[in-house]
Amino acid sequence: MMSTKPHLLFTFCLLLAISFALLASTGNHPQEEKPNIVIIYTDDQGTLDANCYGASDLYTPNIDQLSATGVQFTQAYAHTVCCPSRAALLTGRHPQRAGINHWTQNDAHAEEKDINMPLSEITIAEILQEQGYRTGLFGKWHLGAALENGPLEQGFDEFYGFRGGFIDNYAHYFLHGKGFHDLWHNKEEIFKRNQYFPDLMTEKALQFIDSNKNQPFFLYAAFNLPHYPEQPDSSFLSYNTNLDEPRRSYANVIATIDDKIGQLIDKLEVLNIRDNTFIIFMSDNGHSAEETMIKIDDHSSGLPKGTNYCANGGGGYTGKWRGAKASFLEGGIRVPAIISYPGRFPEGETRDQIISCMDFLPTICEITGSNLPDSAIDGYSLLPIIASEEAKSYHQVLYFQWREQWAVREGRWKLIVKGRDTTGKFSHHKQKDENMESPYLANLKADNPEEQNYASKHPEVVARLTNLYEHWEATVKNENK
């Protein structure tokens, strides 16, 4: 019987080997080291926007090298915008369980408090802090800017970055509306005008690695690129002169973020701790197709009225997939993702199973020997999938909700209700930013996925997926009461 299914024996042996390797690195003996944990979360990096994902016009040698030394995922899902994605990542739970179904508070100085992630939510940082890890967040928080609800209250020993949705990289101001200053070290507002933020946060992250090289640490590098404003490191301005806009400006900020990622990995190599460091790389959602500018005189940032600071209509690449950030089309929620743990995990391999950003918390708990929080966890350990391309995904059904939009994916079918089509300019699909036909039933196995609405042809599928969603929604809403 066993000889007819050799892949099962191989899977078992590989998973056993991974388990022994992890036990060796996370044992109870004092002399044995716990693995360092690094999460690299980029901001608005599109579905296929790395050379290793087929975007041959992009310069991403460090992301490509991370793929060569790890496992690359082709069906990795985050969320459609920043807030729910970051809540799901850090808690391993659907963001609706924490009440994150709308924009969180952006301005720490706002007189009236808005939505902030409840302190009752348990984050990866809190779990690892209890295990003796030093924990640091460098970059973007965006789970509520209230000073009593920030990173330090959710398990991070150190925070350097901004609390809201984005900042100008030189002025360090949030630019929507009247704008406000948003740069912090822990709870102290700091002022570094005209200093390039990606350099500032990378420098702090490197210092964190260096100062904690002799003890286990958790580094959450929440980069703010390629999110607008598309302000690249000037050394990359000459790299993509052959590209047309908006791809060119987008490619320059992709090259910039790749360089910063490379600096982090190089530091691990120089300190000889790379092989004991578990690295997760992912984007928080699809690429942005937003267009806007400063619309008022006397903007608080000092930038003049008419300053363009958004994504120029979208320079991201989705291949055959349709959509962009803020939609539940694949281009809005399917993102690049890589896991690398040299010597313990396979290297240079690809996995096609469905995974979610919610899977990282239980995976980290398993490799560090940490207990899961005593609450509903919606992610699953990825160790079986990492061990074998034959392992089944636990995510047979995927659920998404953002404000009034929602979506359910089951196998080939995806139902989107009250959805938005935010297809960008660079896409080969027709540029759109409009309400979708609702309900919209897409066949992801079709030659042109999500281009045709099958709702009228398959009302039974619409009914089944609607029932699944309604049951899920009732479950997560009841928990949040």
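The values are calculated or read from the model by the stated rules, or taken from the named source; none is laboratory data. Since we're looking at a predicted model, the values are computed, not measured. Glycine gets a Cβ as well: all are built from the backbone with ideal geometry, and neighbour counts include every protein chain shown.
Quick notes
- Of the residues in the range 268-280, at least one is under 19 Å from PRO198 (Cβ atoms), outside any loop (DSSP other than H, G, I, E, B), among the aliphatic types (A, V, I, L, M) and in contact with a strand residue (DSSP E or B) (Cβ under 8 Å, 6 or more places away or on another chain).
- GLU126 being surrounded by fewer than 23 Cβ atoms within 10 Å (Cβ to Cβ) and at pLDDT 95 or above: yes
- Residue check, GLY348 over 19 Å from the mean Cα position of the chain (by Cα) and either modelled with pLDDT under 95 or among the small types (Gly, Ala, Ser) (or both): yes
- Meets criteria (over 26 Å from ILE296 (Cβ atoms), surrounded by fewer than 17 Cβ atoms within 10 Å (Cβ to Cβ) and either assigned by TED's automatic domain parsing to the domain that holds LEU90 or not basic (Lys, Arg) (or both)) for GLU158: no
- Test: residue in the range 15-37 that is modelled with pLDDT of 95 or more and of a type in the set (A, V, I, L, M, F, W, C): yes
- Of all residues in the range 408-448 being of a type in the set (A, V, I, L, M) and within 18 Å of ALA289 (Cβ to Cβ), the one that is nearest to the chain's Cα centre (by Cα): ILE416
- Screening ARG134, ARG193 for residues that are among the basic types (Lys, Arg) and under 24 Å from the mean Cα position of the chain (by Cα) leaves exactly one candidate, ARG134.
- For the range 396-416, residues that are touching a strand residue (DSSP E or B) at 6+ places or on another chain (Cβ under 6 Å), under 20 Å from ALA87 (Cβ atoms) and free of Cβ contacts under 8 Å to residues at least 60 places away in the same chain total 1.
Residue-by-condition table, conditions (1) in a strand (DSSP E or B); (2) in contact with a Lys or Arg (Cβ under 6 Å, 6 or more places away or on another chain):
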{"site": "ALA391", "(1), (2)": "no, no"}
{"site": "LEU398", "(1), (2)": "yes, yes"}
{"site": "HIS428", "(1), (2)": "no, no"}
{"site": "SER438", "(1), (2)": "no, yes"}
{"site": "ALA446", "(1), (2)": "no, no"}
{"site": "GLU450", "(1), (2)": "no, yes"}
{"site": "VAL461", "(1), (2)": "no, no"}
{"site": "ARG464", "(1), (2)": "no, no"}
{"site": "TRP472", "(1), (2)": "no, no"}
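- Among all positions in the range 325-338, there is at least one residue which is in contact with a Ser or Thr (Cβ under 8 Å, 6 or more places away or on another chain), under 23 Å from GLN231 (Cβ atoms) and not in a strand (DSSP E or B).
- Within the range 431-478, the only residue that satisfies the criterion of being β-branched (Val, Ile, Thr) and without any contact (Cβ under 8 Å) to a residue 40 or more places away in the chain is THR475.
- The single condition among (1) touching a Phe, Trp or Tyr at 6+ places or on another chain (Cβ under 8 Å); (2) under 21 Å from SER211 (Cβ atoms) that GLY155 does not meet is (1).
- Every residue from the range 397-411 that is of a type outside the set (Val, Ile, Thr) and either buried (at least 16 other Cβ atoms within 10 Å of the Cβ) or closer than 18 Å to ILE354 by Cα (or both): LEU398, TYR399, PHE400, GLN401, TRP402, GLN405, TRP406, ALA407, ARG409, GLU410, GLY411
For (1) of a type in the set (Ser, Thr, Tyr); (2) buried (at least 19 other Cβ atoms within 10 Å of the Cβ); (3) touching a strand residue (DSSP E or B) at 6+ places or on another chain (Cβ under 8 Å); (4) closer than 14 Å to GLN75 by Cβ, each residue gets a yes or a no:
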position: ASP297; (1), (2), (3), (4): no, no, no, no
position: ARG322; (1), (2), (3), (4): no, yes, yes, no
position: SER340; (1), (2), (3), (4): yes, yes, yes, no
position: GLU349; (1), (2), (3), (4): no, no, yes, no
position: ASP352; (1), (2), (3), (4): no, no, yes, yes
position: ILE364; (1), (2), (3), (4): no, yes, yes, no
position: ILE367; (1), (2), (3), (4): no, yes, yes, no
position: SER375; (1), (2), (3), (4): yes, no, no, no
position: ASP378; (1), (2), (3), (4): no, yes, yes, no
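- One residue alone among THR104, THR80 is at pLDDT 95 or above, closer than 21 Å to GLU330 by Cβ and in a loop (DSSP other than H, G, I, E, B), and that residue is THR80.
- Residue within the range 206-226 that is acidic (Asp, Glu) and either surrounded by 20 or more Cβ atoms within 10 Å (Cβ to Cβ) or part of a loop (DSSP other than H, G, I, E, B) (or both) present: no
- Any hit, the range 389-400, residues being assigned by TED's automatic domain parsing to the domain that holds PHE278 and over 23 Å from the mean Cα position of the chain (by Cα): yes
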